[in-house]
1. Restricting to bridges with both residues inside region 99-247, how much of the DSSP beta-bridge set is antiparallel, in percent to the nearest 5?
2. Rounded to whole Hz and in sequence order, give me ³J(HN,Hα) for region 87-95 from the Karplus expression 6.51 cos²θ - 1.76 cosθ + 1.60, θ = phi - 60°, writing x for Gly and Pro.
3. Could you sort out which of 191/253; 134/225; 134/267; 94/169; 156/250; 182/207 sit more than 23 Å apart by Cα distance in this structure?
4. Put +1 on the Cβ of each Lys and Arg and -1 on the Cβ of each Asp and Glu in region 54-102; which of 91, 73, 61 then has its Cα farthest toward the positive end of the dipole?
5. Need one number: % antiparallel among DSSP beta bridges in region 194-287, to the nearest 5.
6. Which order do 267, 253 take when ranked by solvent-accessible area (1.4 Å probe, heavy atoms of all protein chains), largest first?
7. Taking θ as phi - 60°, what are the ³J(HN,Hα) couplings along region 68-83 by the Karplus curve (6.51, -1.76, 1.60), each to the nearest whole Hz, with x for Gly and Pro?
8. May I have the extent of the alpha carbons of region 128-287 along their three principal axes, as whole Å values ordered from largest to smallest?
Amino acid sequence: MKRTLLALLAAGILTINSCSDRPKINETRVLESKINSKMTIYETGKKSNLSDEEAITLQELCQNNEAYLQGFLENSEFFNNHFELSQAITTILKNKEHTYRTENNYKNTVLTEQSSQIYNLSLSQNQRIYLMLKSLKDSSFLNEIGMIIDQDVQDKYSEHGGIITLSPKLKLDLITVESENKRDRIEENNKFYSLQDWANFVPNIAKFHLHATSYNEANFAGPGKQDRVISESGVDFGGASHEFIITPIKKGKFNIDYLGGDKLLNKFPKVIDLGNYEYDSTKINFK
């Protein structure tokens, strides 16, 4: 996504309107058709020289992802009640153990401030947060994250990440996508994740990446300055940005944060610590 932003900026095809307003059904279908055709190009592994008229902007990708999410939630009274949803999230997080980033004496927003922030997030942001909290109650989902963590810790050449999709039963699926950074500079590339371009064309509710150079990365739990800058760029040029950051605290335990923003509400993305979770490391089956 980082290189995609730079490429689109250079091409001068980015728009700055917010994607919070959902496209109409017929507009969504046109978008999906357009995106699917471009996705095929990227899946072949070839670079595409698109004209300005053919190019997909971050605005359009954002609209498509929002329509994708709302297609699952539009008939749910609970998911469309902002106050009730915010209240449910606040209650869950109050009962969680949290880990805050301490790198360079920097500390993420404390929990007491988080509670008030949750009510000020957009409905769309809170929908994503609640869906993640719902999935984190499932032991198989926790073990899936554990497997991704273990794979990342063992991979000394690359940071891991990907996209998050949604099933009709409102279960999240973390699809790992190898970082597009070359695997030749161990220290540098193991601390920086860059999503491959083709993955941006797959409808998703959010991106994710890990901070997992070892099993004990508690000091780096949550987004760093670079993560925030990239998220802010997504808000500026696409209208919204949504990402989850997973950080192992020790073997069998991790912390997860939401980093995201909605241009209609806030200029800068918000960080919400979703708590610490445990997985059964004895049940990890490597694929």
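1. 70
2. My calculation for region 87-95 gives 5, 5, 5, 4, 4, 4, 6, 5, 9 Hz in order.
3. Over 23 Å Cα-Cα: 134/225; 134/267; 94/169.
4. Positive-most Cα among the choices belongs to 91.
5. Working: 17 of 21 bridges.
Restricted to region 194-287, the bridges split so that about 80 percent are antiparallel.
6. 267, 253
7. 4, 5, 5, x, 8, 10, 4, 9, 8, 5, 5, 5, 10, 9, 4, 5
8. Principal extents (largest minus smallest coordinate, Cα): 45, 40, 30 Å.
The values are calculated or read from the model by the stated rules, or taken from the named source; none is laboratory data. Because the structure is a prediction, the values reported are computed rather than measured. Here Cβ is always computed from backbone atoms with ideal geometry, including for glycine, and neighbour counts include all displayed protein chains. Note: accessible area is taken over every heavy atom of the protein model, side chains too, but ligands, DNA and RNA are not part of it. Shrake-Rupley method; radii C 1.70, N 1.55, O 1.52, S 1.80 Å.
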